[in-house]
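Colleague: Attaching a single structure in structure tokens format; questions to follow.
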Amino acid sequence: MSDFMLKVRSPLDGIELTYGDVAIREITDRDIVSIAIPLGGTETLSKAVISAYQTELPAVGRCAKSHVDNAHFLGMAPDQYFIVFDRSGSESTDKITSKLGKTGYFTDQSDSWVMMRIGGPKSRTALERICPIDLHPTVFPEESVTRTLMEHLSTIILSEGNDHYLLLSARSSAGSFLQVLQKSVENVL
Amino acid sequence: MIIDHPLLGPRDVSEFVYLGDASLINRPDSQNENAAKHFYEYLYLRENPAGEHRELWYHEHGDRSWLVVTRDTLTHKITRVELARDTALAAGRNK
């Protein structure tokens with residue numbers, strides 16, 4: 001029996017930075033679970049989601065919100081979704097299985113990603129320098145989500161509206177990703 | 001070069017990986033009596049046109065979908081982009 005007590009740490013230790021009116025903050029109280037749909041099982045999963053979360057599965061590139069566990073369903077790809085929801089005591093996949101049963105293949109992704117929020121009037125200007133997709137609200141409106149590259153780092157970006165964006169990137173390169181964001185914000189201030 | 005993804009809209013080519021001729025979707029039946037000949041043609045024989053070409057691209061840094069892109073090899077002009085899944089289903093694949 002080991003005497004070691006391991007303490008969970010977030011990738012960036014919950015960092016919070018402010019540059020003028022742009023704020024960057026790591027999100028540490030949310031879990032991520034991916035859902036893959038079994039072949040031909042879209043309707044079954046869709047009904048389970050409506051029943052348990054009172055929301056419909058979003059189209060690819062869109063986000064659907066539920067008041068249950070403050071869950072956000074992200075349409076990542078055909079037949080694949082991410083659920084981002086408030087962390088509680090139980091295992092993340094157990095929590096989803098308790099609500100959706102065996103209607104999909106659920107994989108815990110929480111510790112694979114660093115999750116950050118960037119917000120403020122110049123946040124879009126800063127992101128435009130490192131993001132190859134058009135982030136203007138007429139093209140990428142609130143509740144749009146997609147996976148893309150930022151400075152060669154794979155990134156999921158979700159528009160939360162009002163110049164606020166949620167960013168997910170690989171935990172293993174979280175420090176580099178933060179540096180990219182910091183530099184870009186510094187360059188536009 | 002910009003590829004107009006059918007689900008996600010215009011995306012930079014840096015997000016994609018090129019595979020090759022779209023005929024790679026049509027894998028021969030290994031039980032066919034001429035399977036060896038068909039696999040030889042499938043693996044090694046390509047049209048290599050100077051002009052319109054249908055080819056497979058993978059959206060690796062996006063939604064991980066396979067696309068069939070119709071591109072002019074002389075001008076790089078892209079005239080059509082389809083999900084490879086739809087192309088395969090239309091060609092008679094059952095899943």
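The values are calculated or read from the model by the stated rules, or taken from the named source; none is laboratory data. Owing to the predicted nature of the structure, the values given are computational and were not obtained by experimental measurement. Positions of Cβ are generated from backbone atoms using ideal geometry, with glycine treated the same way; all protein chains shown enter the neighbour counts. These area figures cover heavy atoms from the full protein model, side chains too; ligands, DNA and RNA do not enter into them. Shrake-Rupley method; radii C 1.70, N 1.55, O 1.52, S 1.80 Å.
Colleague: Within 9 Å, Cβ to Cβ, of B:PRO6, how many net charges do the neighbouring residues add up to if Lys/Arg are +1 and Asp/Glu are -1? Please list the in-between numbers first.
Modeller: On the way: positive: none; negative: B:ASP4, B:GLU82, B:ASP86.
Net charge in that neighbourhood comes out at -3.
Colleague: Let me ask something additional. Report, to one decimal in Å, the Kirkwood hydrodynamic radius for chain B based on all distinct Cα pairs.
Modeller: Details: mean 1/r = 0.0696 Å⁻¹.
Answer for chain B: a Kirkwood hydrodynamic radius of 14.4 Å.
Colleague: Go through A:TRP113, B:TRP66 and list them by solvent-accessible area, largest first, probe radius 1.4 Å. Walk me through the intermediate numbers first.
Modeller: Numbers: A:TRP113 30, B:TRP66 110 Å².
Largest to smallest exposure gives the sequence B:TRP66, A:TRP113.
Colleague: What is the helix-to-structure angle for B:35-44, meaning the angle in degrees between its Cα long axis and the longest Cα principal axis of chain B, kept from 0 to 90 and rounded to the nearest 10?
Modeller: 30
Colleague: Take segment A:6-128, drop everything but the C-alpha atoms, weight them equally and run the Debye formula without solvent; then report log10 I(q)/I(0) at 0.19, 0.20, 0.22 Å⁻¹ to two decimals.
Modeller: Taken in order of the listed q values, log10 I(q)/I(0) reads -1.05, -1.12, -1.25.
Colleague: Sort A:ARG62, B:ARG93 by accessible area with a 1.4 Å probe, largest first. Mind dumping the intermediate values first?
Modeller: Details: A:ARG62 85, B:ARG93 115 Å².
So, going from the largest accessible area down, we get B:ARG93, A:ARG62.
Colleague: So, one more: Would you kindly derive the ³J(HN,Hα) couplings of segment A:147-153 from the backbone phi angles with the Karplus curve 6.51 cos²θ - 1.76 cosθ + 1.60 (θ = phi - 60°), listing them in order in whole Hz, with x for Gly and Pro?
Modeller: Listing the rounded values in order: 9, 8, 10, 10, 6, 6, 9 Hz.
Colleague: Would you list, by chain and number, the lysines whose Cα falls below 29 Å from the Cα of A:LYS65, excluding same-chain residues fewer than 8 positions away?
Modeller: Qualifying lysines at Cα under 29 Å: A:LYS47, A:LYS95, A:LYS99, A:LYS102, A:LYS122.
Colleague: Now for a different question. Between B:TYR40 and B:TYR58, what length in nm is gained on full extension when 0.36 nm per residue of separation is reduced by their alpha carbon distance? Don't skip to the end; give the middle numbers.
Modeller: Values: separation 18, 0.36 × 18 = 6.48 nm, distance 2.42 nm.
That works out to 4.1 nm of additional length.
Colleague: At 0.36 nm per residue, minus the direct Cα-Cα distance, what do A:ARG25 and A:ASP108 gain on full extension? Give it in nm, one decimal, please.
Modeller: Stretched fully, the A:ARG25-A:ASP108 segment lengthens by 27.6 nm.
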